[in-house]
Structures are given as C-alpha cells and as structure tokens.
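Just below is one structure, and these are the notes that go with it.
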Amino acid sequence: MRISTSFLFDLDGTLVDSVYQHVLAWKEALDEEGIELSVWRIHRKIGMSGGLFTHQLLRETGGDMSVERVERLRHAHARAYKRLHAKVRPLPGAQALLAALTESGTPWAIATSGRMETAAVNLEALGVDPSQSVVVTRDDVKYAKPDPDLFVAAAHRLNVSIEHAVVVGDSIWDMLAARRCRALGVGLLSGGYGQEELERAGALRVYEDPHDLLEHLDEIAARP
C-alpha cells in the first residue's frame, strides 16, 4: 500500500555507519592544528555543518577562529575521512528501507550536513546515485543543522509539504532542525545519542536503526 507521507533522511549515523569515522577524521584534523580535544567532545558535535562544528570547537578551546584555520580543518577532515572510507557500511536495514519506500511510491530524500566531497563516499556505500535520487548537501544551502534549511530544501525538491514530512536522524541536531520546520522528527539510536536526548530534542518516536524503523513504519506513516 502507498504511504501518504514523505521521508527526509540524514545520512551519517542514520543510513550509513560512519559517525566514528567522522570523529576520528576530525580528531586527526584537530591534532594537525595542535588543538587538543577529547574524542567524546567531538562526537557531540557530529551532525552540525563542518563550519559550525569547527567554530564551536575552536571557541570551546579558545583557539583562533580565522577563516583560513577553519578551511584548513575542513580540508584536513575531508582528507582523513576519505582514507577511512573503506570501513563505511550501510546500517542494518538502510537499503531495504529505501527500497521499500521506493516500491510503495513514497517520496524520500537525503539531507546531510556534509559536503559532497565526503557525502559521496557514503552514498556510494549505500548504493544511492545522487543523479537519480534527491540528495541535498551542505553545498546546497546557506545554513546547516540545527537550522532547517537542508530539510526544507529536500522537501522542496521532492515537491512535498515539509509539515507533512518525516525527518529521520540520529542526532539532536536533526531533531532540532525538524522542530524548526514543523516536520515530524523520528530518531535513531545508531549514531550514538540516547533515546532521552533525542526525545528532549523533539523526536516523537525513537528506533534502534533503519531496520527497526522499517519494521514499525505503520507507527509513523499514514496509509491511505
């Protein structure tokens, strides 16, 4: 049966198991700049845009936030992440979930805070061709999460109402962005955030991973 809604997915930690590769890549980039920061603090920022991420980290550490330094960090992160790409895998049920939505005629899109230079690695692992599917990256919008621009742009490209869309993400930044555009937020535990954190940020439902969401689609998607 056709599901009468649309789905807007985050990418890292939501459809692909890549959060910790990003954490390690940022750690390497920060080490290159002589910035000491615990890995757990880096993890708490994953899901933001790279620019906002580096500005927050540098502010926390009291470092210089020059444009040049932010750009060096971003490029160093991208280089390190590409070296780790061989370990990136789709999360359980991710490909089956997208296939089920496609088969039912349900519109879906991917909206990621990453730029295409790193998102391309994840899309390849997921088997999603950005020329054939709607994919919105940080390159396409002025502001990234927790601002809602990525999800709003994805809904626009699908030609669907953002208020009737389901935003699926693994971080509090996804849930905050969903609230700001009045979409329904659904959280996944596969990125490392806890259920209570996601619910406090606005998640109406929380599932373990894409497979668990696929098994419970009827809880969040109306069927005509």
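Rule-based calculations on the coordinates, nothing more; no lab input. None of the values given here were measured: they were computed from a predicted structure. Neighbour counts are summed over all protein chains in view; Cβ atoms, including those assigned to glycine, are modelled from backbone coordinates with ideal geometry.
Below, the figures for the structure above:
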read-out: Residues Lys145, Lys82, sorted so that the one with the fewest Cβ neighbours within 10 Å comes first; value: Lys82, Lys145
read-out: Low-density loop positions, chymotrypsin sites (Phe, Trp or Tyr not before Pro), the stretch 106-190 - DSSP coil, at most 15 other Cβ in 10 Å; value: Tyr143
read-out: Residues Trp26, Trp40 arranged by fewest to most Cβ contacts within 10 Å; value: Trp40, Trp26
read-out: Those lysines that a straight Cα-Cα span of less than 24 Å connects to Lys82, excepting residues fewer than 8 apart in one chain; value: Lys27, Lys45, Lys145
read-out: Placed amide H near Val206: partners under 5 Å, 5+ positions off or other chain; value: Gly187
read-out: The stretch 93-163: trypsin sites (Lys or Arg not before Pro) in DSSP coil with no more than 15 other Cβ atoms inside 10 Å; value: Lys142
read-out: Interchain or long-range residues, amide H under 5 Å from Phe7's placed H; value: Trp108, Ala109, Val166
read-out: For the chain: relative contact order, % (alpha-carbon pairs under 8 angstrom, 6 or more apart); value: 28
read-out: Angle between the chain longest axis and helix 94-103 axis [Cα atoms, degrees, rounded to 10]; value: 40
read-out: Translational diffusion of the stretch 92-198, µm² s⁻¹ [Kirkwood Rh, Cα pairs; Stokes-Einstein; 4 °C; 1.567 mPa s]; value: 91
read-out: Packing-based exposure ordering (other Cβ within 10 Å, fewest first) of Ser38, Ser18, Ser133; value: Ser38, Ser133, Ser18
read-out: Helix 149-158 vs. the chain, principal-axis angle (Cα, 0 to 90°, nearest 10); value: 40
